[in-house]
Amino acid sequence: MIGKAIALEFARKQFTVGLQYHLNRTMAEETATLLRQTTHDVHIVQADVRQPPQIRSALQEFERLYGSLHVLVWAVGTSTSALVVKTPPDEWDRVLAINLTGAFHAVQAAAPIFEQQNAGAMIFVGSLSGEQGASGQAAYSASKAGLTGLMQSAAREWGPFNVRVNVVFPGWHPSPLSASGFNTVSQKALHTLHRTPSLESVARTVSHLAEAEDVSGQVWNLDSRIR
């Protein structure tokens, strides 16, 4: 849901949009159909974020076809629900491999392109749970905490190349990861505004950060839950 909203916002601004999927090509095609209502150029690529050669090939293909890569948005996430002491090691490894190590692969793959251009922006979709944790979500919270650290390190290293890197905390949105408890009265009450941000607001923020020339190494928090 969040990834689709972000893609639609960039299409509205007439960016050429690249969509990466792993297994669900049908959803990628449906999103591409929506995007083509506002922009003529949409590129779809299949890649497993756990496989560095596939991520590298996907970005290189986009650059070859369109001449540059201006923005890379990392909106990838999976989770598992279990207490820390009951989290199977293979589930821990799976969540971190996708959420965090996959982002590391994306940074490494984008580096030669961004550095050669001496320009670019990368935005990670993170989570407030990476700062304050969440019961039963140790693997997810740890992966999102690591994502913020990865962002801040990449921002420092890429600064001399005029590449900006930031994280957005998008708040809670209905998805396969969160739908079971979404929009309950008790959950809304945890937010100072008694609501979560809209998907459109999240997408506009990501777009803003992609184009903000002097913002890097920052956490942009749209989640109003009291810490």
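The values are calculated or read from the model by the stated rules, or taken from the named source; none is laboratory data. Being a predicted model, the structure only gives us computed values, none of them experimental. As a convention, Cβ positions derive from the backbone with ideal geometry for all residues, glycine included, and neighbour counts pool all protein chains shown. The accessibility values were calculated without ligands, DNA or RNA, using every heavy atom of the protein model including side chains. Shrake-Rupley method; radii C 1.70, N 1.55, O 1.52, S 1.80 Å.
Check LYS4, LYS13 and return the single one that is basic (Lys, Arg), touching a residue at least 24 places away in the same chain (Cβ under 8 Å) and surrounded by 15 or more Cβ atoms within 10 Å (Cβ to Cβ). Before the answer, list the steps.
On the way: LYS13 fails: surrounded by 15 or more Cβ atoms within 10 Å (Cβ to Cβ).
The conditions single out LYS4.
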Item to complete: Working carefully through the options VAL95, VAL107, VAL49, VAL73, find the one that is assigned to a loop (DSSP other than H, G, I, E, B) and crowded, with 20+ Cβ neighbours inside 10 Å.
Response: VAL49
Worksheet item: Looking at region 130-161, which of its residues are among the aromatic types (Phe, Trp, Tyr) and surrounded by fewer than 21 Cβ atoms within 10 Å (Cβ to Cβ)?
Response: PHE161
Item to complete: Could you tell me which residue of region 114-129 is farthest from SER68 (Cα to Cα), considering only residues that are part of a helix (DSSP H, G or I) and open to solvent by 10 Å² or more (accessible area, probe 1.4 Å)?
Response: SER129
Discussion item. Of all residues being more than 18 Å from GLN132 (Cα to Cα), charged (D, E, K, R) and open to solvent by 50 Å² or more (accessible area, probe 1.4 Å) in region 163-212, which is modelled with the lowest pLDDT? Just the residue, please.
Written reply: ARG195
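Tell me, yes or no, whether region 124-137 has at least one residue that is under 24 Å from ALA97 (Cα atoms), among the hydrophobic types (A, V, I, L, M, F, W, C) and at pLDDT 95 or above.
Looking only at region 124-137, we keep the residues that are under 24 Å from ALA97 (Cα atoms), and these are 124-137.
Then keep just the ones that are among the hydrophobic types (A, V, I, L, M, F, W, C); that gives 124-125, 128, 134.
Imposing the further condition that a residue be at pLDDT 95 or above reduces the set to 124-125.
Within region 124-137, one or more residues are under 24 Å from ALA97 (Cα atoms), among the hydrophobic types (A, V, I, L, M, F, W, C) and at pLDDT 95 or above.
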Response to the item:
By residue number, the members of region 15-60 that are basic (Lys, Arg), more than 23 Å from ALA121 (Cβ to Cβ) and modelled with pLDDT of 95 or more are ARG50
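Residue-wise test of (1) surrounded by fewer than 17 Cβ atoms within 10 Å (Cβ to Cβ); (2) in a strand (DSSP E or B); (3) free of Cβ contacts under 8 Å to residues at least 40 places away in the same chain.
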residue	(1), (2), (3)
GLN20	no, yes, yes
LEU34	yes, no, yes
HIS40	yes, no, yes
HIS43	yes, yes, yes
ILE55	no, no, no
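Let's see how each residue does on (1) touching a residue at least 24 places away in the same chain (Cβ under 8 Å); (2) under 21 Å from HIS208 (Cα atoms); (3) more than 17 Å from the chain's Cα centre (by Cα):
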| residue | (1), (2), (3) |
| --- | --- |
| ILE98 | yes, no, no |
| VAL107 | yes, yes, no |
| GLN116 | no, no, yes |
| ALA134 | no, no, yes |
Worksheet item: Considering THR80, THR87, which residue is more than 16 Å from the chain's Cα centre (by Cα), more than 24 Å from LYS4 (Cβ to Cβ), surrounded by 17 or more Cβ atoms within 10 Å (Cβ to Cβ) and not hydrophobic (A, V, I, L, M, F, W, C)?
Response: THR87
